[in-house]
Structures are given as structure tokens and as C-alpha cells.
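Enquirer: Supplied in C-alpha cells, the structure appears directly below.
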């Protein structure tokens, strides 16, 4: 899975946030390293607590061309409607995720994103906060875990508009179509289950290249948006849920400008 992440030089806090955004993207794209792609960078985390968010009132707006191509390849109208309608652009949401891994133990991630793609992220490992950051109007506020002080990094003129990590995700049917039939990722419909406040289709992702991994996605039977993603392999497991609700992101107070330190 690939994605485009904006570049700037706002210091290690921003680097950590970008790395976290990559994890978020993998969570959002439950079919991430299977059929979703964007533009520039790639990530395939094997074990992490993954979480993400969504918008207050998601409405499916399918790309009919993608839906048609998907139907030709998979002949599954429900999955293909999800693949063609999946988007978090211009929506607010909350993401929560818990996971375990052999290397780091238990991890948790919570992210709130508003309709303008401002966000508040908290990451924990074994119950300890390892990262808390807020992006708001092209400023990044990072909290020093030792002192509790919030530090604001200055706006970067090259950063452009704030972007949602999920905005660049697109269905990549072309690469799957190019594979031999027995090498393609398959999406096995399991049935319907309650998820969040809606009813979801549950699918198992079966990737011939990832035989040690068991993954499931849940997407709404009316909004066709991703509501849950779980993954388990020899390295660990993660379970991520998405709640579509109103989100308001505010600057922390007090804070210090990094340039003033």
C-alpha cells in the first residue's frame, strides 16, 4: 500500500507523527497491503495497535468505473460497492485500536480527526503514553512526555493544505487483475454483524502471499465505509474500530513555540 505524505522539516515531533500516520493508513485500509494504493510511500506493519476515525455522517458515493471493474474481477456487488465508495475525505471520525506484538507488548492508539483533517493522536505502549500530538491549521503541537509541556512547531510554507492520511488511498484493481487467478487476494463474505451503531458486512481477507495472517474487515451495509479491521499473525494482533461522529480539535493551552526555546 502506498500513500502520499506531505514533506516538511518541523523536527522529530513531526517525524514521529508521520510514522504514526503511516500506521493509521494501514489501519484505515483494512485491505491495505492487499489492494489499496496512493502515491508515494509504502508501509506494511505486521503488528501494531491500529486505530482510525471517520466522518459524522458518512454517505456512500461510489465511483461507478471502479465498481464496474471490481465486479468484473470479483463478482461481489457488496465488496465492490465498498471498494468504490470507501473514503474518509472531508469527514470527522474517531479511531481506536488495541494490539499486542512480541517486540513491544500491548499497544493502544486513539486518533480524532475533524472534517478539515485536523487531528489529535495519542499512542500508548504497555499503558504508557509514548506520543501525543495535535495537528491544527498546519501547526503541530507535540507533548513532551517527561515534562508534560506542549511545544508548537511553526507553520511551514511548503506544507500546503492539511491533508487527511486516508485521502490518498485508492483501490488498485489493476495490479490484482495482472496476477494469475490463484495469486490474487480474495475477499470471502462471512455474513453480517453489528459494528459500532450500524450493521456491517464481514469479510475475511485471504492473501496467498500472507499465509500466516488472518484478517477481517467490517463495512456498513448502508454507508459502505470501513468500521472495523482486525489482523492476527505470528508477530501479534490488532483490532481497530472507526466511529463516525463530530470531532472538534482545539490547540492545547498553554504551549511554547519551539523557536522560543
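The values are calculated or read from the model by the stated rules, or taken from the named source; none is laboratory data. Please read all numbers here as calculations on a predicted model, not as lab measurements. All Cβ positions, even for glycine, are placed from backbone atoms using ideal geometry, and neighbour counts span all protein chains on display.
Yes/no per residue for (1) closer than 21 Å to residue 203 by Cα; (2) modelled with pLDDT under 85; (3) touching a strand residue (DSSP E or B) at 6+ places or on another chain (Cβ under 8 Å); (4) not in a loop (DSSP other than H, G, I, E, B):
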residue: 148; (1), (2), (3), (4): no, no, no, no
residue: 157; (1), (2), (3), (4): no, yes, no, no
residue: 182; (1), (2), (3), (4): yes, no, no, yes
residue: 190; (1), (2), (3), (4): yes, no, yes, yes
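Enquirer: From the list 213, 240, which one is at pLDDT 90 or above, buried (at least 16 other Cβ atoms within 10 Å of the Cβ), touching a strand residue (DSSP E or B) at 6+ places or on another chain (Cβ under 9 Å) and over 23 Å from residue 114 (Cα atoms)?
Expert: Working: 240 fails: over 23 Å from residue 114 (Cα atoms).
None of the others qualify; the one that does is 213.
Enquirer: Give me the residue from the stretch 250-261 that is in contact (Cβ under 8 Å) with a residue 24 or more places away in the chain and part of a helix (DSSP H, G or I) and, out of that set, surrounded by the most Cβ atoms within 10 Å (Cβ to Cβ).
Expert: For the stretch 250-261, the residue satisfying everything is 258.
Enquirer: Of the residues in the stretch 203-225, how many are under 20 Å from residue 88 (Cβ atoms) and not in a loop (DSSP other than H, G, I, E, B)? Break it down into steps so the answer makes sense when it comes.
Expert: If we filter the stretch 203-225 for residues that are under 20 Å from residue 88 (Cβ atoms), which is where we start, we get 203, 205, 215-225.
Those still in the list that are not in a loop (DSSP other than H, G, I, E, B) too: 203, 205, 215-220.
Of the residues in that region, 8 qualify.
Enquirer: Something else now. Return the residues of the stretch 226-249 that are over 18 Å from residue 111 (Cβ atoms) and outside any strand (DSSP E or B); say none if nothing qualifies. Give the steps one after another, and end with the answer.
Expert: Keep residues of the stretch 226-249 that are over 18 Å from residue 111 (Cβ atoms), which gives 232-237.
234, 235, listed by residue number.
Enquirer: Here's a follow-up. Say whether the condition of being at pLDDT 90 or above, surrounded by fewer than 17 Cβ atoms within 10 Å (Cβ to Cβ) and within 21 Å of the chain's Cα centre (by Cα) is met by at least one residue in the stretch 219-232.
Expert: yes
Enquirer: For the stretch 101-121, give me each residue that is farther than 21 Å from residue 231 by Cα and surrounded by fewer than 18 Cβ atoms within 10 Å (Cβ to Cβ). Don't jump to the end; show me each part of the working.
Expert: Step one: filter the stretch 101-121 for residues farther than 21 Å from residue 231 by Cα, giving 112-121.
Matches in the stretch 101-121: 115, 116.
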